[in-house]
Structure formats: C-alpha cells, structure tokens
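Encoded as structure tokens, the structure appears first; notes follow it.
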C-alpha cells in the first residue's frame, strides 16, 4: 500500500471523501501540517520518503531531485508548470492531474472579477467603508470588446458565460485555429439573441473572431488570461504589451503567475497605462507585495478553483488517481 503525503493546502476542508478514499484502500496519509502553501524545500523535507504525493501548485523540483522513493505525483488541479516532467520521466515517476474539475470554478471567478472591475464594485465598497458615497460610474460589458487569451477548457467556458452579457465582440487569441469553436459559439449567440430580443431592444448580437496577440492588446476593453505557463510564454505580457492596450482597458489573470510580468503590471497600474487589473495568482504566495498598495487592482488568494463542489471534485479525482495507480489501472489523466 502507498505512503501518501498531501502537500496541497487546503485539503478536505469541506468533505473528508478524498481522504476516506485513500484510507479505505489501505493507504497511509500524512497531510501538510503547516496550514499554508508549502515552499519547495519544505515539500522536499516532508515528502522525500513517501512513494506518492498529492500536490497543489507547489514547486516540486527539489523533491523530485531528492527523493529515491517517489513513484507518483497526483496533481490537484490542471497546471503542470510546477512539476519537472522531464526529470519525472527520467526517474520513472508517474504524473497525473485533474484537468476538468477546475474549469467551472475558474471561469466563473474570471466573470466575477470582470464585473467587479467594470462596475467599480471593490472601489465603491472601500470608499463606503471610509464614509464616502461618490457612486462611481462603470462600463457595461454589453458595449465592450472582451478578449480571451487561450481558449482551452477554461477559456471555452468563459466564452460561453460571456454570451449571457451580449458583449459587442469576443476576441479569441489562441495558437490553434479556433474556427470550429467560433462557429459553435456564433450559433449559440444567435439563439440567445433571438430569444432575448423580444424582451430588450438593447440586446446585441455578439461578433466573434480570432485575432493575433497585437490585435488582442490593441482592441480589447478587457483581456482574460487562460493559458498554461511554460517556457515559451513566461513574461508573455510585459510592459510593451500592456502599453499597446487602451488606457481604459482591464487585464484579468486567473491562470498562472509568470505569464504577466508582475513588476511591469505594477508600474503600468501606477502610471495609469491601463485602468485596472484583477490578479488571482502570484510569483510568491501568500502574496504580500506592492500591488496591495494600489486601489485599481483586485487581488484574490489563488482561489480560482475554490468553489466547494469543484474543490471536492479535484481532491476526489486526485485521490482516485492514487488508488488507481497502485491497483495497476490505466489513468485517464496521466501525463507521464
């Protein structure tokens, strides 16, 4: 039976099901005792003698380098940038993840952050608590161009959610040709338009097209980032890219830190290069950096996956990957 270390935090906060799955199958389990995201050296210290790891977004290179017993990494989530996949292959360490469970929660958070940015909800809340009452004006999604950087599982869901707001345009930027998806999205938009026009004369028919990176930066009123982090797109959005954007535009990142250069987004927000940003992911977490001093940015706690149902699904799938691996089963979501 496996000796499992759980480095991700939180784990089984709202349901013990994932833990019960492991124990009922005879595995021993040790859970992150620190009550926070573990640092790379801490994961290596605590887990180097275990043969299985259930991990979050912790950097795992020191553990994989140090361990001689690790046989499986089961990721709670979809991103694999923190897992040294090539080294895992060399050392015969299997890697699995939970790619589908996270999508609903992340896409909905991105929509919520967009509404907050556009309508100045956070700013109004803070002002009211200080005794102010300026009733700030915002921008309506229904007259805006919304850009989606990356149209995989999460970006696709985000696009469908957007159609309920009838933006003037949806601009899709992806390395792959998304023509088939755009055709499906247009049909869905047309059906929405026909069903809603009888109730409102202000209901737009949303235009949808695929654009280049430069077109995305220059035209979008808001860009939501939904790409994985890898060597080719690290610091993909830095000062030069942000300066292409409109001074009235917004930037949302619920994907990975490192895609947007943190220092550059800070400087651009200070200088008013763009109107604002919403950021859920940071190079160092928990985050205590300079962005906390700015009013024109919404900061959340890497909580894109943190709806109760999605988190429980992710944990369950990660535990089932451990159970299946040690039973010798083929894992549907195995990467290595």
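Can residue 157 be described as in a helix (DSSP H, G or I) and within 23 Å of the chain's Cα centre (by Cα)?
yes
Find the residue count for the stretch 1-54, including only residues that are in contact (Cβ under 8 Å) with a residue 40 or more places away in the chain, closer than 17 Å to residue 73 by Cβ and out of contact with any strand residue (DSSP E or B) (no Cβ under 9 Å at 6 or more places or on another chain).
Qualifying residue count for the region: 1.
So which residues in the stretch 118-150 are surrounded by 17 or more Cβ atoms within 10 Å (Cβ to Cβ) and more than 23 Å from residue 215 (Cα to Cα), if there are any at all?
120, 122, 123, 124
For the stretch 170-181, state whether one or more residues are assigned to a helix (DSSP H, G or I), modelled with pLDDT of 95 or more and exposed (fewer than 15 other Cβ atoms within 10 Å of the Cβ).
Taking every residue of the stretch 170-181 in turn, at least one turns out to be assigned to a helix (DSSP H, G or I), modelled with pLDDT of 95 or more and exposed (fewer than 15 other Cβ atoms within 10 Å of the Cβ).
Kindly indicate which of 115, 111, 154 is modelled with pLDDT of 95 or more, buried (at least 16 other Cβ atoms within 10 Å of the Cβ), touching a helix residue (DSSP H, G or I) at 6+ places or on another chain (Cβ under 8 Å) and under 22 Å from residue 275 (Cα atoms).
None of the other options fit; the residue is 111.
Scan the stretch 238-268 residue by residue and report those that are within 21 Å of residue 112 (Cβ to Cβ) and more than 16 Å from the chain's Cα centre (by Cα).
Scanning the stretch 238-268 gives 248, 249, 250, 265.
Step by step: first the residues of the stretch 292-318, then only those that are touching a strand residue (DSSP E or B) at 6+ places or on another chain (Cβ under 7 Å) and in a helix (DSSP H, G or I), then the one that is surrounded by the fewest Cβ atoms within 10 Å (Cβ to Cβ). Which residue is that?
Result: 292.
Quick one: which strands (runs of 3 or more DSSP E) lie wholly within the stretch 1-108 and hold at least 2 residues that are surrounded by fewer than 17 Cβ atoms within 10 Å (Cβ to Cβ)?
Per the criteria, 28-31.
If you check residue 328 against the conditions, is it in a loop (DSSP other than H, G, I, E, B) and either in the same structural domain as residue 14 (by TED's automatic domain parsing) or more than 16 Å from the chain's Cα centre (by Cα) (or both)?
Yes, satisfied.
The values are calculated or read from the model by the stated rules, or taken from the named source; none is laboratory data. Given the structure is predicted, the values throughout are model-derived calculations rather than measurements. Glycine also receives a Cβ, built like all others from the backbone with ideal geometry; neighbour counts cover every protein chain displayed.
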